[in-house]
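This report concerns only the one structure given below.
The values are calculated or read from the model by the stated rules, or taken from the named source; none is laboratory data. These numbers were taken from a predicted model, which means no experiment stands behind them. Note that we place each Cβ from the backbone using ideal geometry, even for glycine, and neighbour counts take in every protein chain shown. When the accessible area is computed, the model is the full protein with side chains, heavy atoms only, and any ligands, DNA or RNA have been set aside. Shrake-Rupley method; radii C 1.70, N 1.55, O 1.52, S 1.80 Å.
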Amino acid sequence: MTTTYAVLSEGLEKRYGEVRALRGLDLAVPEGTVCGLLGPNGAGKTTAVRILTTLLAPDAGSARIAGHDLVRDPAGVRRRIAVTGQYASVDGDLTGAENLRLFARLLRLPRSRADELLEEFGLAGAADRLARTYSGGMLRRLDLAAGLLARPSVLFLDEPTTGLDPRSRNAIRDAVRGLAERGTTVVLTTQYLEEADRLADDIVLVEDGRAAHCGTPAELKALVGSRAEVVLAGAGPLGPAAAVLDRLTGSAPDLDAERRTVGAITADPTLTLPRLVREIDAAGIHIVDASLRPPTLDEVFLRLTGRKGTAA
Ligand code: ATP
């Protein structure tokens with residue numbers, strides 16, 4: 001079966017004066033999947049999304065979005081995409097229903113489409129309340145619903161859950177997953193790496209204006225290796241355990257005095273949990289827990305980008 005790509009870009013470049021924001025960005029997002037665009041601040045994610053959504057013209061390179069050429073047919077691209085960000089495009093002085101019906105009318109869609117989305121996003125009960133009385137999570141869902149009225153092929157979601165409580169975050173995540181299952185392609189930028197881990201089929205790690213690493217969350221984790229961690233018993237120093245981990249993993253361990261843990265990432269596939277425990281034991285160190293597990297996406301991010309900071 002051949003893969004159809006909803007977003008396919010090649011060699012996108014963008015310069016702002018002296019700053020080369022994009023230096024040949026290649027992206028290939030299969031239809032009906034969620035792609036997480038991650039990277040350190042200033043990596044070029046916003047520039048990429050602005051270009052892919054026709055808000056900004058590239059200096060070089062090409063892209064096809066839902067089959068339409070970005071440069072030659074931007075209007076065609078716009079018809080097939082929706083962009084929703086952290087800032088709700090909702091009118092607070094209208095009710096939820098009025099907001100969606102207004103957009104539906106502008107798009108020449110039947111009123112029933114608005115009602116359908118209110119139902120789908122769990123807003124039917126609050127449909128007749130003014131949007132300014134909505135919680136942050138409800139506003140975000142209303143904004144998302146507005147973006148989906150015209151059934152876009154590709155949805156660009158910028159930081160969809162920033163500032164939301166865990167329950168609202170989950171509601172948005174469920175909605176996004178559901179969309180992809182029904183065939184919408186989602187390009188997601190988020191600073192919550194654990195969110196990208198749960199939602200994204202593929203992750204593109206953007207660095208210095210290029211796609212530095214691409215793969216499923218599991219593939220990116222495998223690239224980095226595993227994380228070995230021990231939790232020490234008693235109140236002794238962490239140094240001796242750190243020395244053992246340093247030797248076994250070949251990388252500098254991190255120490256957490258409060259949690260009494262020492263951990264390190266290792267790319268050595270021969271390191272097993274029994275060996276870790278044996279070596280710690282042989283050094284006369286008492287532990288209450290030991291683990292060898294895949295790294296979190298946060299750890300992958302720090303390792304692969306070699307920088308600290310948010311991954312927005
Ligand atoms: P963040 O995570 O901080 O939002 P980002 O990955 O979205 O970062 P961009 O906003 O695309 O990165 O910025 C890429 C580079 O281009 C940065 O060095 C930024 O300072 C620069 N840049 C972005 N917009 C402009 C602009 N309008 N004028 C000049 N430089 C810009």
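The table below lists the values:
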{"item": "Relative contact order %, the chain, counting alpha carbon pairs below 8 Å whose residues are six or more apart", "result": "20"}
{"item": "Cα-based equivalent ellipsoid of the range 170-225: semi-axis lengths in Å, sorted from largest, via gyration tensor", "result": "21, 13, 11"}
{"item": "Distance between modelled label sites at Asp26 and Glu119, nm, 7 Å Cα→Cβ extension", "result": "4.5"}
{"item": "Taking the range 21-149 and dividing mean pair separation by its residue count, relative contact order in percent (alpha carbons under 8 Å, at least six apart)", "result": "21"}
{"item": "Accessible area (Å², per residue) of the chain, counting only protein heavy atoms and a probe of 1.4 Å", "result": "49"}
{"item": "Over the range 145-275, volume per residue of the alpha carbon convex hull, in Å³", "result": "170"}
{"item": "Sorted peptide list for 91-101, 273-283, criterion being average Cβ within 10 angstrom, highest first", "result": "91-101, 273-283"}
{"item": "Evaluated at q = 0.15, 0.16 Å⁻¹: base-10 log I(q)/I(0), Debye formula over Cα of the range 232-282", "result": "-0.37, -0.43"}
{"item": "Relative contact order %, the range 139-227, counting alpha carbon pairs below 8 Å whose residues are six or more apart", "result": "22"}
{"item": "Net length gained if the chain between Leu130 and Arg78 were fully extended (0.36 nm per residue, minus Cα distance)", "result": "15.8 nm"}
{"item": "Mean Cβ count within 10 Å, highest first, over the residues of peptides 122-134, 220-232", "result": "220-232, 122-134"}
{"item": "Extension reserve of the Glu194-Ala243 stretch, reckoned as 0.36 nm per residue once the Cα distance is removed", "result": "14.7 nm"}
{"item": "Those residues of the range 199-240 whose amide nitrogen sits under 16 Å from the label point placed on Asn41, 7 Å along Cα→Cβ", "result": "208"}
{"item": "Calculated log₁₀ intensity ratio I(q)/I(0) where the Debye formula runs over C-alpha points of the range 210-312, q = 0.16, 0.18, 0.21, 0.23 Å⁻¹", "result": "-0.69, -0.84, -1.06, -1.20"}
{"item": "Quotient of C-alpha Rg and 2.2 N^0.38 Å, computed over the range 79-205", "result": "1.00"}
{"item": "Of every Cα-Cα pair in the chain, the percent that sits beyond 33 Å", "result": "37"}
{"item": "Sequence ranges 144-157, 54-67, ranked by mean other-Cβ count within 10 angstrom, highest first", "result": "144-157, 54-67"}
{"item": "Length released on extending from Arg177 to Asp59, taking residue separation times 0.36 nm less the Cα-Cα span", "result": "39.1 nm"}
{"item": "Net charge of Cβ neighbours under 15 Å - reference Glu10; Lys, Arg +1; Asp, Glu -1", "result": "+1"}
{"item": "The range 1-155 - Rg and Dmax from Cα coordinates, angstrom", "result": "17.6, 52"}
{"item": "MRE, 222 nm, helices only [DSSP H, n ≥ 4, -39500 (n - 2.57), over the chain, to nearest 500]", "result": "-10500 deg cm²/dmol"}
{"item": "Cα-based equivalent ellipsoid of the range 153-198: semi-axis lengths in Å, sorted from largest, via gyration tensor", "result": "17, 12, 9"}
